[in-house]
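In what follows, a single structure is set out as structure tokens and then discussed.
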Amino acid sequence: MKEHLCQEKIHLFYAKMLENKKLPGPLMPTLHDAQEIFGYIPLSIQKLISEELGESIAKINGVVTFYGNFSVTPKGDHTVAVCLGTACYVRGSKNLMETLENELEIKEKQTTKDGQISLVSTRCIGACGLAPVFSVDGAIHGNATVSKVRDIIKELKVKTNEAN
């Protein structure tokens, strides 16, 4: 897995925190910056935020783990998201999720061992008429079937292997 906490990123993050400290309620903008810069918000970064903003680590960790936009583990270079909203769930998205977990050999909210693909769920992608849907790096695939999921994941694996 790539090193996400290089000194260059930490310096950039400190600069962003200094800007955010001038704002009322600097915690959320700081967490968004941390997620964007590092790709996740590990405990070491939460401690740094705690020291700089004077907030408890418990509060920071509570916010980080509450909101789906934030992650405490590194995310892969590619993200596969399965909609588990009502329309998609009723039309079989649970089967899609199970297929993806088996094909990728990970569970929801995990990343493959090679750091390439993260699997997440969403509550609604906004394409209910195409249910069930899933997305790969934001590209929506509607009227999805287990077969379609397998084909697309196979293609994604080939692309990631070629890139390495």
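The values are calculated or read from the model by the stated rules, or taken from the named source; none is laboratory data. Just so it is clear, the model here is predicted, and its values are computed rather than measured. All Cβ positions, glycine included, derive from the backbone under ideal geometry; neighbour counts span all protein chains shown.
Considering only residues that are hydrophobic (A, V, I, L, M, F, W, C) and surrounded by fewer than 13 Cβ atoms within 10 Å (Cβ to Cβ), which ones fall in segment 111-164? Within segment 111-164, Ala139, Val158, Ala163 qualify. Being aromatic (Phe, Trp, Tyr), surrounded by 18 or more Cβ atoms within 10 Å (Cβ to Cβ) and out of contact with any strand residue (DSSP E or B) (no Cβ under 9 Å at 6 or more places or on another chain) is a property that holds for Phe38. In the set (1) in a loop (DSSP other than H, G, I, E, B); (2) under 11 Å from the mean Cα position of the chain (by Cα); (3) surrounded by 15 or more Cβ atoms within 10 Å (Cβ to Cβ); (4) not basic (Lys, Arg), the condition left unmet by Thr79 is number (1). Taken over segment 94-105, the criterion of being in contact (Cβ under 8 Å) with a residue 12 or more places away in the chain, within 13 Å of Leu119 (Cβ to Cβ) and more than 17 Å from the chain's Cα centre (by Cα) is satisfied by Leu96, Thr99, Glu103. For segment 58-92, residues that are free of Cβ contacts under 8 Å to residues at least 12 places away in the same chain and either touching a Leu at 6+ places or on another chain (Cβ under 7 Å) or of a type in the set (A, V, I, L, M, F, W, C) (or both) total 2. Residues in segment 77-106 that are modelled with pLDDT of 95 or more and among the charged types (D, E, K, R) were compared, and the one that is nearest to Pro132 (Cα to Cα) is Arg91. When you check Glu55 against the structure, is it over 15 Å from the mean Cα position of the chain (by Cα), charged (D, E, K, R) and closer than 25 Å to Thr145 by Cα, yes or no? When the stated conditions are applied, Glu55 does not pass them.
Residue count for segment 43-60 satisfying the condition of being within 22 Å of Gln110 (Cβ to Cβ) and surrounded by fewer than 18 Cβ atoms within 10 Å (Cβ to Cβ): 2. Taking the condition surrounded by 17 or more Cβ atoms within 10 Å (Cβ to Cβ) and either of a type in the set (Phe, Trp, Tyr) or under 24 Å from Thr65 (Cα atoms) (or both), does Thr99 pass? So Thr99 does not fit the description; no.
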